[in-house]
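The values are calculated or read from the model by the stated rules, or taken from the named source; none is laboratory data. All values reported here derive from a predicted model rather than from experimental measurement. We place every Cβ from the backbone using ideal geometry, glycine too, and count neighbours over all the protein chains shown. Accessible surface areas use protein heavy atoms only, side chains included; no ligands, DNA or RNA. Shrake-Rupley method; radii C 1.70, N 1.55, O 1.52, S 1.80 Å.
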Amino acid sequence: MKKEKQLPIVLWFKDVGNDDVALVGGKNASLGEMYNILTPQGVRVPNGFIVTAHAYDLFIKSTGLAELITKELKGLNTNDVALLQRKGKKIRTAFMRKRMPKVITDEIRVAYRTLSRTYDMKHADVAVRSSATAEDLPGASFAGEHDTYLNVRGEEYVIRAVKRAFASLFTDRAISYRVDKGFKHGDVKLSVGIQKMVRSDRACSGVMFTLDTETGFRNVVEISSAWGLGEMVVQGKVTPDEYVVFKPSLRAGKNAILKRTRGEKKTKMIYGETRGEPTRIVRVPEADMSVLTLTDEEVIILAKWALIIEDHYSLRAKEDRPMDMEWAKDGVSGELFIVQARPETVQAEKAKKGLSYTEYMLGKTSKKPIVEGVAVGTKIASGCARVIVDARRLDEFKEGEVLIAAITDPTYEPIMKKAAAIITEKGGRTSHAAIVSRELGIPAVVGTGNARKKIATGDIVTVDTSSGDVGRIYEGRIPWREHTYDLKKVPTTKTHICLNVGDPESAFKNSFLPHRGVGLAREEFIIASHIGIHPLALIDYDKLTDWKLKKKIDERTEGYDDKTAFFVDKLAEGIAHIGAAFWPEQVIVRFSDFKTNEYRALLGGELYEPEEENPMIGWRGASRYAHPDYREGFKLEVEAIKRVRDDMGIDNVHVMVPFCRTPEEGEKVVELMEEYGLGRSKKKQGLKIYVMCEIPTNVIRADDFLDIFDGFSIGSNDLAQLTLGLDRDSAIIAGIGNENDESVKALVSQAIKSCKRRKKYIGFCGQAPSDYPDFMRFLVQEKIEAISLNPDTVIPMTIEAAKAEKRK
């Protein structure tokens, strides 16, 4: 009779790989895979060993726990929160009262001693991590469902932590999650990984994704980081620093960091003083709160590792496999490590459901948000608020309510699936609340700071996460509309349909629309929202005598000794975000086109801007850039473009000069750009310099302008104003005419013909085709090369353009 193969109780990371999920669980299988295959490629993974699922099986079957589990969970309604809590607690208590078989504990002792010797330690500090056999699988992450114990030292403490990890298979949230995902309780087993700790308590740690977690945009790596052990980031107890890295530029060897956002990082988790208190939470020193936790070099190293990991797992799976990773920096050695990696499940599952685009738009309202925070998702929801201050009162939560809490943890999950939306005071994009809300497909706003003070149980609120990075909560029910488009049914057109983009925060979401790039990316939104300071006030900072103004500038530019670097950094980050979102298609960035009254509204603006009777036709556009009173401000804009194209490698970004009254004025601007290091003669990988065609003289002297510029982008708002003699800010005369006037269309037609004759680019970025289908048809009939539209009109107007092309 053939002897049955004896399954192992303990295995080392070197002994396992991704084919061993049934024996060691998803998390441990992945650690083994990386340790064996990716360590030689430079990815550091701390060593460790695994208590297998066979050991778990042996434990529950030899102690009678298997029968108890079956009995207690049979027919359980997981929507009955109180009953779920009682059943789960009874099973977990039974686990802790049972003695683990000696054959298991002996092998754990031997392995732990070996690991300690490997690191020249008497009692190695280890992380004890649960790893379920149905975990970290595409479609079922089980992230955070089972317990992890940090800084465990000593054989007895390790054995106890292993038993507690086994018991965590029956936490309330794990039981509920298995039911929701269709797993039978008896089919899921638990393995436990014991891994040498990284001393991130003396440095920083966090999480990393190889896509944008809100939209599924695939061309970025997103990194979150906070001081101390990583549990604070995962649990959402801190608002971490965030970094966004552009993959194509990273692969090309560029400094591909698109964005650095400093989180408040008020607290951190460090090692405790005793074995009975392995970790503790302390306040972060003020000086550390205001600085970024990672250097650019460290961000690039982590992002490169993320690509190595994603490439390996994708190759192995024979399909794209975006990844979710945890990393840590050792404060003793200064080295970075990857401590976990698993497939990202939420966006990956959405991608498999097909090509569709759902647009959510909040109705018009005069109300200001009650609170704001970090937006998770892109949806809108309304409901009755329920403030939870004690997890023991979760059973009070009702279906369809809006959950409000300081933070959430896995204890909250049985009610989170009932929520219309989730609001927390703490946490960032990778917090527990963010991860679960994405998986559930409900909007969340995290890191609000004071939601529980502003909103009471019973209040009706509307939660809006549809407008980029900032989530907003309004009082009352505000109507909204949503529409889902089947992108497979959107026709392809000969006319290039592009987008008008102002807000970088919406760029990743809008990149999923059918498009041929960006015909107009406005700098004004970035300057007003992300900078908010007049560039000359930053240049003259040391000369300013108004201490109140300097204090306000200091608050906005915290962490910057060089105030002009703040302007360049923030403008470059915003432009790069848009350029990356639509890469490799052309993105045309228009230099700032504020009027003097709009510049005055920026901090310090009143020191530099005249009060004009009619700013619409005053000191704006090209006349400003080359003027001695502003040219140093324009230099900062040019430096931002250079940063994006040269340093970040996003060379699909091109530039456009607005409101250029004469060719001579245009020549001065181009010469100034050359002087500042941005010009076509510098061989900057094909830089194009366009000009807005929005003044009748641009059409009348088209050839003179086209001798200087690489093409026109027609702006219908100003062209109509200046052709018809209308002040577009005047409501009294607004009804006299618009872009559809025959005189305006005649100029548009002439401009198109001039560009086509000269074989130069001709696009349209004005409002008219977004508002008037007949104007769209007119442009198509004139055989314009590109039409740039507002995002909410791209799909219907693309369909309109396709119809017009058929009629030609």
Taking N as the number of residues in region 236-347, what is its alpha-carbon radius of gyration divided by 2.2 N^0.38 Å? 1.25
Report, in whole Å, the centroid distance computed from the Cα atoms of region 474-497 and region 213-277. 32 Å
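Taking only the alpha-carbon atoms of region 144-260, what semi-axes of the equivalent ellipsoid follow from 5 times the gyration tensor eigenvalues under a square root, in whole Å, largest first?
Numbers: eigenvalues 209, 89, 31 Å².
Working from the Cα gyration tensor, I get semi-axes of 32, 21, 12 Å.
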Can you run the Rg to Rh ratio on region 547-625? Use alpha carbon positions and the Kirkwood inverse-distance Rh. 1.04
On a C-alpha basis, how far is the centre of region 35-113 from the centre of region 280-337 in Å? Whole number, if you could? 28 Å
Theoretical FRET efficiency, 1/(1+(r/R0)^6), r = Cβ-Cβ of Ser290 and Thr492, R0 41 Å, to 0.05: 0.25
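Work out, step by step, the length gained on full extension between Ser529 and Thr70: first 0.36 nm times the residue separation, then minus their alpha carbon distance; give nm to one decimal.
Additional length available on full extension: 159.5 nm.
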Distant-in-sequence amide H partners of Tyr676 (H built 1.01 Å from N, under 5 Å): none
Cα extents of region 336-429 along the principal axes, largest first, in whole Å, come to 39, 38, 29
Of all accessible heavy-atom area on region 148-250, the percent that carbon and sulfur account for (1.4 Å): 45 percent
Might you tell me the accessible area per residue for region 524-595, computed with a 1.4 Å probe and given in Å²? 40 Å²
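What's the ranking of 204-211, 574-581, 44-51 by average number of surrounding C-beta atoms within 10 Å, highest first?
Details: 204-211: 26.5, 574-581: 29.4, 44-51: 24.5.
Result, highest mean first: 574-581, 204-211, 44-51.
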Filter the cross-link list Lys268/Lys635; Lys259/Lys745; Lys509/Lys756; Lys426/Lys552; Lys102/Lys417 down to pairs whose alpha-carbon distance in this structure exceeds 30 Å. Lys268/Lys635; Lys259/Lys745; Lys509/Lys756; Lys102/Lys417
Just to confirm my numbers, what's the Cα centroid distance between region 396-421 and region 518-568 in Å? 40 Å
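For region 376-443, report the accessible area per residue in Å² (1.4 Å probe, heavy atoms, rounded to an integer). Present the calculation step by step, with values, prior to reporting the outcome.
Numbers: 2060 Å² over 68 residues.
That works out to 30 Å² per residue.
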Can you compute 3J(HN,Hα) from phi for each residue in region 70-80, using the Karplus curve 6.51 cos²θ - 1.76 cosθ + 1.60 with θ = phi - 60°, rounded to whole Hz and x for Gly and Pro? 4, 5, 6, 9, 4, x, 5, 8, 6, 6, 7
Treat every Asp and Glu Cβ in the chain as -1 and every Lys and Arg Cβ as +1, leave all other atoms uncharged, and give the resulting dipole magnitude about the Cα centre to the nearest 20 debye. 3440 debye
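Pulled fully out, how much extra length does the chain show between Arg556 and Lys181, if you take 0.36 nm times their separation in residues and subtract their Cα-Cα distance? Provide the component values of the computation, followed by the final result.
On the way: separation 375, 0.36 × 375 = 135.00 nm, distance 4.57 nm.
Full extension from Arg556 to Lys181 adds 130.4 nm.
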Which one, Ile526, Ser506, Gln347, is farthest towards the positive end of the dipole of the chain when Lys and Arg carry +1 and Asp and Glu -1 on their Cβ? Gln347
Per the rule of 0.36 nm per residue minus the C-alpha distance, extending Thr114 to Ile281 adds in nm 57.1 nm
Going from the alpha-carbon gyration tensor of region 47-204, what semi-axes, largest first and in whole Å, does one get by taking the root of 5 times each eigenvalue? 29, 18, 13
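Taking the square root of 5 times each eigenvalue of the Cα gyration tensor, what semi-axes in Å does the equivalent ellipsoid of the chain have, largest first? Don't jump to the answer; show the numbers that get you there.
Values: eigenvalues 592, 152, 129 Å².
Whole-Å semi-axes of the equivalent ellipsoid: 54, 28, 25.
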Once every Cα of region 207-261 carries one equal point scatterer and solvent is ignored, give the base-10 log of I(q)/I(0) from the Debye formula at q = 0.28 Å⁻¹, two decimals. -1.07
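Tell me the mean residue ellipticity at 222 nm calculated for the chain from its helices only (DSSP H runs of n ≥ 4, each -39500 (n - 2.57), averaged over every residue, nearest 500). Mind showing how you got there, number by number?
Details: 31 runs with 289 residues, N = 808.
The per-residue figure over the chain is -10000 deg cm²/dmol.
Based on the Kirkwood radius over alpha-carbon pairs, what value in µm²/s does the Stokes-Einstein equation return for the translational diffusion coefficient of region 58-127 at 20 °C and 1.002 mPa s? List each step's numbers first, then the result.
Working: Rh = 14.8 Å.
After rounding, the answer is 145 µm²/s.
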Cα-based Rg and Dmax for region 7-53, in Å, come out at 9.9, 32
Which log10 I(q)/I(0) values does region 496-552 give at q = 0.16, 0.28, 0.29 Å⁻¹ under the Debye formula, counting every alpha carbon as one identical point scatterer? -0.62, -1.11, -1.14
1.4 Å probe accessible area per residue over region 160-264, in Å²: 27 Å²
With all protein chains present, region 503-613 has a carbon and sulfur share of its accessible area (1.4 Å probe) in percent of 46 percent
Rg and Dmax of region 611-725, Cα atoms, in Å? 14.5, 44
